[in-house]
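Just so it is clear, none of the values below were taken in a lab; they were calculated from the coordinates. Keep in mind the model is a prediction, meaning the values are calculated, not measured. As a convention, Cβ positions derive from the backbone with ideal geometry for all residues, glycine included, and neighbour counts pool all protein chains shown.
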Amino acid sequence: MSVGLLFDTTRCIGCGACSAACKEQNRLPLPIEPTLTASTWTVVRERQGVNVRSLCMHCLEPTCVSVCPVGALIKTAGGPVTYDAAKCIGCRYCIMACPFGVPKYQWDRAIPIVGKCILCRERVDAGMPTACASACPTGATLFGERDALVREARSRIQSGPALYVNHLFGLEEVGGTSVLMLSSVPFEGLGFKNPLPKHPLPMLTWQVLSKIPDLVLMAGVLLYGIHWITARREYVRAVAVRGDSRGPAAAFAGWLRSLWCRLYRRVVRP
Amino acid sequence: MNHTATMGVRLSRIGFWQAAFGLLLLAMGAVTVVRFTRGLGATTNLSDAFPWGLWIGFDVLCGVGLAAGAFTLTAVVHLFNLRRFEPIVRPTVLTAFLGYLLVIAGLLFDLGQPWRIWHALIFWNPRSVMFEVAWCVMLYTTVLALEFAPVVFERFRLERPRRVLRAVTTPLVIVGVILSTLHQSSLGSLYLIVPLKLHPLWYTPLLPFLFFISAVGAGIGMVILESYLSQRAFGRHLEMELLEPLARVMVVVLGVYGLLRIRVLLENGGIAELRHPGYEAWMFVLEMGLGVILPVLLLAFDRVRTSQRGLVAGAFLAVLGFVMNRLNVSVTGMEAAAGVRYVPSWMEILVSLGLVGLGFAAFALAARYLPIFPAMRAAPRARGEGLLGPFED
């Protein structure tokens, strides 16, 4: 059960009603800026003769969610990628990492936060469509369950192959996104990096991060082993000078005893 | 370099550098006010297109890397039991400790809401490299403080806490080595997530390993440079008999690093970039040529390595190459994808300079008032005394 949007460039007239509705719904200050900013979460721009919306793509496995050190960005089960400003420390890794360049920062504020589309989470949770989809006069932005939107998009491409490039953007890009797009011109012309990898980007860092527990254990044992060997070698050398010779078990017991004695002498009762 | 350093010492007597340093601190104070009242936009040349700049690229990435000498040397002395390197452990640990404090100071400038820096303690996201970085900074700074504390305890003759720390030397060193390994590599891992943005001359899945190994190389370079600067400033002799073997290790480490970099270049097609060199390719060539290949070639010669001038020059090049690499990864390699040129604002540069200046000042103060160098110890002992007290068997 996960919702999303389907945006179709062939139906968009560029009226900007989505941007205005977004401002109102999310209580963002006017004006509507020409590109995404911390206070303008969606814009319509003309590119290659078609109108295309910019907004958060709400990835199924979002890069921003994976990189946020304090978990301020969350992918909710219902679809929206939300942002908890109260947790954010302002490291801006999400801005760095997003493959769509969506999160934006309040560079002019002394106490800045990140701004990005949250797919009208409150409305969606209440079972309503997003503000932009409700405001769209032509149905260029369609709200619905992602599965249903995928079926709808496919049937549009099938019934009008001359209208569309044969590419449902967001179906597989970086592991899939909740916002899907149909276009009459190739997506690289619309300002998207295309082709984007099919795999989710968080995989790239998780491959390394997931090895940390093993690395810590192995390095700990290895380093202590090295220390043990070098210290033992020194001990054996000292014993050889003294002319004392013991079996390994006795030597180990002696080492343990001396360790305890040292600890006792120095820490417990110096 | 020789000349400037001498001049620095001479002029310090007539107070020129103190005056310059004071002015720098005043200016930095003013910038700090601007930074925290007007925000990052008014202070820096950062933007949504280029959200990380000099403070991350230099203060954090280089600050952490140049502190790598400490974990390398403590491991050599306390784990590999090569006791003869003990005399240079204390200044190296001090350098690393100050380096980490400066990294934290840099972060306090760079973070949007630095007063929330502790959030990583309670809001966890173990899938984030930045989360790992945050924990490594906190934990390793603590370890470095504990590794340095015996020097302070020794100065004030606090025998009991010294004894406690002495008893945990080995675990402390091991934890320090592990945390450093994680931290150095995680700074490289930060950039694994931007395969579409970081230029192919620098992007590779090997980034974490490359960051780790280059930090070891540059860390050794810093040990040599720091010994040299202390020698100029405090009239000490240069421990050539210790630094020369370290330089040999550095040659091997940098050599392996250089070969890996070239392999990566062949693998991901970056070599094609070099055939029609643009801005990035020239920066890459400069970094590799000046900062990796040249120092390896120079220091491979016994004659260069055993001469003080050659040794210091080689170490300087290695450190320079390291700094260039971190700036290339964080700035040069990210510009094309961002579609903007990033040049730090004078305020960003001033803060970075001020922090470095503070580091130098703190080192000088510590060297004057604490038993950092063997000759200046409060009570010289017959037995080899380590960073954390005498080693026993």
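What to note about this one:
- Candidate set: the stretch B:57-90, residues that are within 9 Å of chain A (Cβ to nearest Cβ) and among the aliphatic types (A, V, I, L, M); chosen: the one farthest from B:VAL194 (Cα to Cα): B:LEU82
- From the options B:VAL64, B:VAL77, residue that is within 16 Å of the chain's Cα centre (by Cα) and of a type outside the set (Ser, Thr, Tyr): B:VAL64
- Counted residues, the stretch A:221-245 - those being within 7 Å of chain B (Cβ to nearest Cβ) and either of a type outside the set (Val, Ile, Thr) or assigned to a loop (DSSP other than H, G, I, E, B) (or both): 7
- Any pair with Cβ under 7 angstrom, 6 or more apart, that starts in the stretch A:102-125 at a residue that is within 14 Å of chain B (Cβ to nearest Cβ) and ends at one that is among the aromatic types (Phe, Trp, Tyr) and surrounded by 17 or more Cβ atoms within 10 Å (Cβ to Cβ): A:PRO112/A:TYR105; A:VAL114/A:TYR83; A:VAL114/A:TYR105; A:GLY115/A:TRP41; A:LYS116/A:TRP41; A:LYS116/A:TYR83
- Residue check for A:ILE95: assigned to a loop (DSSP other than H, G, I, E, B), at the interface with another protein chain (Cβ under 9 Å from one of its Cβ atoms) and among the β-branched types (Val, Ile, Thr): no
- Residue in the stretch A:8-26 that is free of Cβ contacts under 8 Å to residues at least 12 places away in the same chain and either away from chain B (no Cβ under 14 Å) or part of a helix (DSSP H, G or I) (or both) present: no
- Taking every residue in the stretch A:193-220 that is more than 10 Å from chain B (Cβ to nearest Cβ) and pairing it with any residue that is in a helix (DSSP H, G or I) and surrounded by 19 or more Cβ atoms within 10 Å (Cβ to Cβ), at least 6 positions away or on another chain, the pairs with Cβ-Cβ distances below 6 Å are A:ASN194/A:PHE187; A:PRO200/A:VAL174.
- Test: residue in the stretch A:174-183 that is without any contact (Cβ under 8 Å) to a residue 24 or more places away in the chain and crowded, with 18+ Cβ neighbours inside 10 Å: no
- Selection status of A:GLU122, under 30 Å from B:ILE117 (Cα atoms) and either more than 25 Å from the chain's Cα centre (by Cα) or not in a loop (DSSP other than H, G, I, E, B) (or both): yes
- When the test is whether a residue is more than 14 Å from chain A (Cβ to nearest Cβ), in contact (Cβ under 8 Å) with a residue 12 or more places away in the chain and either among the β-branched types (Val, Ile, Thr) or within 25 Å of B:VAL329 (Cα to Cα) (or both), B:PHE97 passes it.
- Any hit, the stretch B:111-124, residues being in contact with a helix residue (DSSP H, G or I) (Cβ under 7 Å, 6 or more places away or on another chain), buried (at least 21 other Cβ atoms within 10 Å of the Cβ), under 24 Å from A:GLY71 (Cβ atoms) and within 14 Å of chain A (Cβ to nearest Cβ): yes
- All of B:LEU225, B:LEU198, B:LEU246 fail the test of being in a helix (DSSP H, G or I) and farther than 16 Å from B:PHE85 by Cβ, apart from B:LEU225.
- Taking the criterion of being of a type in the set (Gly, Ala, Ser) and over 30 Å from A:TRP206 (Cα atoms), the residues of the stretch B:203-260 that qualify are B:GLY221, B:SER227, B:SER230, B:ALA233, B:GLY235, B:ALA247.
- From B:MET130, B:MET138, residue being under 30 Å from A:MET203 (Cβ atoms), aliphatic (A, V, I, L, M), outside any loop (DSSP other than H, G, I, E, B) and at the interface with chain A (Cβ under 8 Å from one of its Cβ atoms): B:MET130
- Among residues of the stretch B:117-169, those that are without any contact (Cβ under 8 Å) to a residue 24 or more places away in the chain, touching a Pro at 6+ places or on another chain (Cβ under 7 Å) and closer than 30 Å to B:LEU190 by Cα, counted: 6
- Of all residues assigned to the stretch A:170-180, none qualifies as being among the charged types (D, E, K, R), assigned to a loop (DSSP other than H, G, I, E, B) and within 14 Å of chain B (Cβ to nearest Cβ).
- Subset of the stretch B:143-168 that is over 17 Å from the mean Cα position of the chain (by Cα), of a type in the set (Val, Ile, Thr) and more than 10 Å from chain A (Cβ to nearest Cβ) - its residue that is farthest from B:PHE71 (Cα to Cα): B:VAL152
- One residue alone among A:CYS56, A:CYS88 is more than 15 Å from A:CYS132 (Cβ to Cβ) and buried (at least 24 other Cβ atoms within 10 Å of the Cβ), and that residue is A:CYS88.
- Reported count of residues in the stretch A:125-135, each being touching a Leu at 6+ places or on another chain (Cβ under 9 Å) and either part of a helix (DSSP H, G or I) or closer than 22 Å to B:ALA134 by Cβ (or both), is 2.
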